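Structure record follows, encoded as structure tokens.
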Amino acid sequence: MMTSSRRGNAYWLQLALTLLVCLFMVVPVVLSVLAGLTNNIFVGVSSGLTTRWLVEVWALYRNTIFLSLGIALACLACTLVLGVPAAYYMALRRGRVTRLIEELLMLPVAVPGLATALGLILLYGGWQAFRTSWLFILVGHVLFTLPFMVRSVLAIMSAIDIRTLEDAAASLGANRMQRFFTVVLPNCRQGILAGALMVVTLSVGEFNLTWMLHTPTTQTLPVGLADSYASMRLEIGSAYTIVFFFMIIPLLVLMQGLSALGARARKHQPLADGADASTIPGTDPLSTSEARHA
């Protein structure tokens, strides 16, 4: 009886702590959203609700929204092309060199974004066309987000023992490209989706590095948000926050849905060591039969 009472008290204490943390995180966001929908920010909701500030934000800053989305998607493409093969290489060849490479990849995360941006300006600042292009911001975002893609994919590859799967496919005649696209990628899609989720959200919301790299013609959403607050237009800044939520939340829901679908598909597919190896593209059924009898 006493044990049950203690468990009950622990449960309610954990629940109360969880609710307090949620309130601590959500209340400022709710207040910011309400401020962007009220006629007078200093009076509050009693002054009436309006969408005037949202319309003004769209008129003033819509280019920053499209630019942020474009950079985020381009950043995702770059990190996929660079990060997944890098994680694949490090998963197959774990050693001092690969561990050193992994630590070096984390440097842009450990170093303040302003320092990274300053280094990029010193390195590429002389190329005027590149310096004033959105591609300059993209380079900074790729540097910042690439470690998250590599770490996510590498963790999945280590968990599923990708070396064993690769060796099995190689023994059945699959070449390196076939093993990568038909064995490695399908088994790592959960890590790829998790990395993609982090890359997109971090790219859209990145401010410190972007603030140093942007120009008046390459202003992104977070920089525009800071600009609206700096001009003391608090109602515009709050409305800008609402626009940010409308843009990022559907994207997050979509990517979470894709991740959940991938998890269900993985649960229902046969285990790699129990599947028919002859279904691996590029393998010879005869070699498969000989391998079984060996």
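The values are calculated or read from the model by the stated rules, or taken from the named source; none is laboratory data. Note that the structure is a prediction, hence the values are computed from the model and not measured. Virtual Cβ from ideal backbone geometry, glycine too; neighbours counted across all protein chains shown.
Pairs linking a residue in segment 156-169 that is farther than 16 Å from Leu193 by Cα to a residue that is not in a helix (DSSP H, G or I), with Cβ atoms under 6 Å and 6 or more positions apart or on different chains, are Leu165/Ala272; Ala169/Ile280. If the condition is being under 16 Å from Phe244 (Cβ atoms) and surrounded by 18 or more Cβ atoms within 10 Å (Cβ to Cβ), then segment 52-94 contributes Trp53, Leu54, Val57, Tyr61, Thr64, Ile65, Leu67, Ser68, Leu69, Ile71, Ala72.
Please list, ordered by residue number, the helices (runs of 4 or more DSSP H) wholly in segment 133-230 having 2 or more residues that are touching a helix residue (DSSP H, G or I) at 6+ places or on another chain (Cβ under 9 Å), over 30 Å from Thr64 (Cβ atoms) and not hydrophobic (A, V, I, L, M, F, W, C).
Result: 162-171, 176-179, 189-205.
From the list Met198, Met232, the one residue that fits, being out of contact with any Asp or Glu (no Cβ under 8 Å at 6 or more places or on another chain), at pLDDT 85 or above and of a type in the set (A, V, I, L, M), is Met198. When the test is whether a residue is in a helix (DSSP H, G or I) and either in contact with an Asp or Glu (Cβ under 9 Å, 6 or more places away or on another chain) or under 15 Å from Gly191 (Cα atoms) (or both), Val84 passes it.
Residue pairs, Cβ under 6 Å, 6 or more apart or interchain, first in segment 25-51 and within 13 Å of Tyr240 (Cα to Cα), second in a helix (DSSP H, G or I) and not β-branched (Val, Ile, Thr). List them. Between residues of segment 25-51 that are within 13 Å of Tyr240 (Cα to Cα) and residues that are in a helix (DSSP H, G or I) and not β-branched (Val, Ile, Thr), the close pairs are Ser32/Ser238; Ala35/Ser238; Gly36/Trp53; Gly36/Ser238; Gly36/Ala239.
Based on what the data block shows, is Ser5 loosely packed, with under 10 Cβ neighbours inside 10 Å and either assigned to a helix (DSSP H, G or I) or modelled with pLDDT of 90 or more (or both)? Yes.
On the given criteria, is Leu123 outside any loop (DSSP other than H, G, I, E, B) and either closer than 28 Å to Gly257 by Cβ or within 22 Å of the chain's Cα centre (by Cα) (or both)? No, not satisfied.
Among the residues of segment 95-113, those identified as among the hydrophobic types (A, V, I, L, M, F, W, C), part of a helix (DSSP H, G or I) and either modelled with pLDDT of 85 or more or surrounded by 13 or more Cβ atoms within 10 Å (Cβ to Cβ) (or both) are Ile101, Leu105, Val109.
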